[in-house]
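Heads up, the thing below is written out as structure tokens.
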Amino acid sequence: MACWLYVARRYWLPVAVPLGGAFVMTCTCLLSWRIVVERTERRRLHMAFGRVVSPSIFNLLVQKPLSSFRGARRNVTMYFADVRGFTRFMEDQHRQVLTRVRERNLSGAAAEFCWTSKPAKHSRLSISISP
């Protein structure tokens, strides 16, 4: 446009001013976009991991690049430990909830609430650790 103005009207418009303005606006827009995207990504990660892991682990997750969250196949060794009496405890809890649902003739949302709600201070599980 600066060249056309000079050739057609003999009006000199410095080329550096519009180019400098365009450069500044481009940098400003890119910086703003990056801030918005990073804030959205942090919020998404917080929704996924914020309540599950400790704040220090969450901060480590946020600092990692998004590409590091892809799955990987690895050979691992798993250790499984069973808590003595836990299976019986859970079966008793299941039986109690089932009995409660049948006795009160609950269905739909009320029955679902009984299944998903936390047990309200029922019998305590005694855990014994053996070597």
**OP:** Scan around R84 for amide H atoms under 5 Å from its own, H built in the peptide plane at 1.01 Å from N, and keep only partners 5 or more places away or cross-chain.
**Re:** S128
Subject >> Which label in [x] 122; [y] 131; [z] 279 gives the computed volume of the Cα convex hull per residue in Å³ >> reply: [z]
Subject >> Where labels lie 7 Å past Cα in the beta-carbon direction, separation of A48 and L30 in nm >> reply: 2.7
**OP:** In nm, give the distance between the simple-model label positions of I57 and R39, each being 7 Å from the Cα along the Cα-to-Cβ direction.
**Re:** 2.8
Original post:
Which of the trypsin sites (Lys or Arg not before Pro) found in the range 1-89 are loop residues per DSSP with 15 or fewer other Cβ atoms within 10 Å of their Cβ?
Top reply: R10, R51, R70, R73, R74, R84
Subject >> Positive minus negative residues near L61 (Lys, Arg vs Asp, Glu; Cβ under 12 Å) >> reply: +2
**OP:** Find me the longest stretch of the chain that has none of the exposed chymotrypsin sites (Phe, Trp or Tyr not before Pro), where exposed means in a DSSP loop (not H, G, I, E or B) with at most 15 other Cβ atoms within 10 Å.
**Re:** 13-78
**OP:** Obtain the nm distance between the two label points defined at R100 and F86 by a simple spin-label model: each point lies 7 Å from its Cα along the Cα-to-C-beta direction.
**Re:** 2.2
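Computed from the coordinates by the stated procedures, all read-outs in this text should not be read as laboratory data. Keep in mind it's a predicted model, so treat the numbers as computed, not measured. In this analysis, Cβ positions are derived from the backbone assuming ideal geometry, glycine residues included, and neighbour counts consider all displayed protein chains.
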